[in-house]
Amino acid sequence: FSTGGREVLVRASVGVATRTDADESAEDLLRDADTAMYAAKSLGKGRIQVFQSGMEQPVRRRLAMRTALEAALERDELFLEYQPIVDMASGAVIGLESLVRWNHPQLGRVMPADFIPLAEEIGLIDQLGEWVLRTACRDVARMTPSGRGGDAPLVSVNVSAHQLGGGVLTRQVAAVLAETGLDPSRLLLELTESTLAAAGQGVELELVGIDRMGVRIALDDFGSGYSSLEYLGRLPIGVLKIDRSLVARIDVERQRQEVLRAVGNVANQLGLTTVVEGVEREEQRQVLLGLGFAKAQGYLFSPPAPLGDALGIEQPAAA
Ligand code: C2E
Ligand code: CA
Ligand code: CA
């Protein structure tokens, strides 16, 4: 149906339960149907699923994760690690990407891929995203330029589609900058193309507003999936983060270098700064420098680490 000038599609996931036991109550049946409905959702939505015993296990686990995640923010179980973004020639740390982790009371360290989608689904991502933004800006605002007179590092924060388009991100950024006193030009918001595609209609306006505040915007994971140059021309993007899939084999397959060279040329033409992700080997660093790329992050320089360690790697690069 259409509403507010927009076409809206409604889809349904259906769970079916049949009575197998004469003693089964209406509540039991409804519970089983509900379980089957959650199984249908997790199998890709828009499906019909009939209840089978055993199905309640993953659903129960999910419910437990959900309850635990809701409590995680209050219990201070989330923490940030930082991965340095370095100048490949000198080894100087020029930025820090904040990456969220969850210290789960039973499971231990849980990685973002295993709880960000859940946080999005249960509507907790705005709150979680704001916590990340505030913590990262506060951590980095305290840091002054490094001893050798370099600039104070930038801080990168990953943003979810849910925070974008409706003004939530704008309010969060304005509040956090005011609160922490961080210079807006030291904040870099990272958005992927799928984030942009999934965000609400107001995304373009919102990003223009954020850009006017002096905050920088990066297009993340560029070159993974179906990259389109559309966004680059339309949105105030200043930084292109080149996905590690484009970098993985550049030191062993020469043809792969040409794709990167082309991406580098596009970035130059558009006046974008590039950051190459996922650099793991010295040979890759050499090839990238040869192709004219200056900034990168990856295990070669440092894995994500607590703030102090992430900064501690700042040393002149090995000859
Ligand atoms: P991303 O933004 O692309 O972050 C980079 C990921 O690549 C990190 O995984 C990092 O540990 C990993 N990585 C860094 N260097 C290398 C390397 O040399 N080789 C390889 N193979 N991997 C490398 P991580 O920390 O598991 O984060 C995964 C994703 O979770 C991030 O991908 C980002 O999309 C999302 N994420 C992390 N923190 C947040 C957050 O605070 N908010 C939101 N919305 N998403 C977040
Ligand atoms: Ca990122
Ligand atoms: Ca990335």
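Hey, can you tell me all the residues within the range 178-196 that are more than 16 Å from ligand 3 (Cβ to nearest atom) and either within 18 Å of residue 212 (Cβ to Cβ) or small (Gly, Ala, Ser) (or both)?
Those that are more than 16 Å from ligand 3 (Cβ to nearest atom) and either within 18 Å of residue 212 (Cβ to Cβ) or small (Gly, Ala, Ser) (or both): 178, 181, 182, 183, 184, 185, 186, 187.
Where the second residue is in a helix (DSSP H, G or I) and more than 15 Å from ligand 3 (Cβ to nearest atom) and the first is among the acidic types (Asp, Glu) and open to solvent by less than 60 Å² (accessible area, probe 1.4 Å) and lies in the range 241-264, which pairs have Cβ atoms under 6 Å and are six or more apart or on separate chains?
As it stands, the answer is 251/283; 251/284; 251/287, since those pairs meet every condition given.
Give the range 209-226 a look and list any residue that's more than 15 Å from ligand 1 (Cβ to nearest atom) and open to solvent by 20 Å² or more (accessible area, probe 1.4 Å), or say none.
Correct list: 209, 211, 212, 213, 214, 216, 226.
All but one of (1) more than 16 Å from ligand 1 (Cβ to nearest atom); (2) more than 24 Å from residue 95 (Cα to Cα); (3) in contact with a helix residue (DSSP H, G or I) (Cβ under 6 Å, 6 or more places away or on another chain) hold for residue 236; which doesn't?
(2)
I'd like the full set of residues that are in a helix (DSSP H, G or I) and open to solvent by 70 Å² or more (accessible area, probe 1.4 Å), limited to the range 265-281.
Once the filter is applied, which keeps residues that are in a helix (DSSP H, G or I) and open to solvent by 70 Å² or more (accessible area, probe 1.4 Å), the range 265-281 yields 265, 268, 269.
Tell me whether the range 62-71 contains one or more residues that are aliphatic (A, V, I, L, M), within 15 Å of ligand 1 (Cβ to nearest atom) and more than 25 Å from residue 278 (Cβ to Cβ). Let's see the steps before the verdict.
As a first pass, look at the range 62-71 and keep what is aliphatic (A, V, I, L, M): 63-65, 68-69, 71.
Remaining after also requiring within 15 Å of ligand 1 (Cβ to nearest atom): 69.
Retained after the next criterion (residues that are more than 25 Å from residue 278 (Cβ to Cβ)): 69.
Yes; the residues of the range 62-71 include at least one that is aliphatic (A, V, I, L, M), within 15 Å of ligand 1 (Cβ to nearest atom) and more than 25 Å from residue 278 (Cβ to Cβ).
How many residues, within the range 75-116, are more than 20 Å from residue 156 (Cβ to Cβ) and either in contact (Cβ under 8 Å) with a residue 60 or more places away in the chain or within 16 Å of ligand 3 (Cβ to nearest atom) (or both)?
1
Return the residue satisfying two criteria in turn: it lies in the range 151-187 and is hydrophobic (A, V, I, L, M, F, W, C) and more than 16 Å from ligand 1 (Cβ to nearest atom), and of such residues it is farthest from residue 207 (Cα to Cα).
Looking at residues that are hydrophobic (A, V, I, L, M, F, W, C) and more than 16 Å from ligand 1 (Cβ to nearest atom), I get 152.
What single numbered condition from (1) among the hydrophobic types (A, V, I, L, M, F, W, C); (2) away from ligand 1 (no atom under 16 Å from the Cβ); (3) within 21 Å of residue 167 (Cβ to Cβ) fails to hold for residue 229?
The failed condition is (3).
Which count do you get for residues in the range 9-23 that are in a loop (DSSP other than H, G, I, E, B) and open to solvent by 50 Å² or more (accessible area, probe 1.4 Å)?
Looking only at that region, the number is 10.
Applying the selection to the range 78-135, what residues are more than 15 Å from ligand 2 (Cβ to nearest atom), open to solvent by less than 50 Å² (accessible area, probe 1.4 Å) and assigned to a strand (DSSP E or B)?
Within the range 78-135, 78, 86, 87, 93, 102, 104, 108, 110 meet the criteria.
Across the range 33-61, what is the total count of residues that are in a helix (DSSP H, G or I) and either surrounded by 17 or more Cβ atoms within 10 Å (Cβ to Cβ) or in contact with a Ser or Thr (Cβ under 6 Å, 6 or more places away or on another chain) (or both)?
10
The values are calculated or read from the model by the stated rules, or taken from the named source; none is laboratory data. Model, not experiment: these values are computed from the prediction. Positions of Cβ are generated from backbone atoms using ideal geometry, with glycine treated the same way; all protein chains shown enter the neighbour counts. Surface areas here come from the heavy atoms of the whole protein model, side chains and all, with no ligands, DNA or RNA. Shrake-Rupley method; radii C 1.70, N 1.55, O 1.52, S 1.80 Å.
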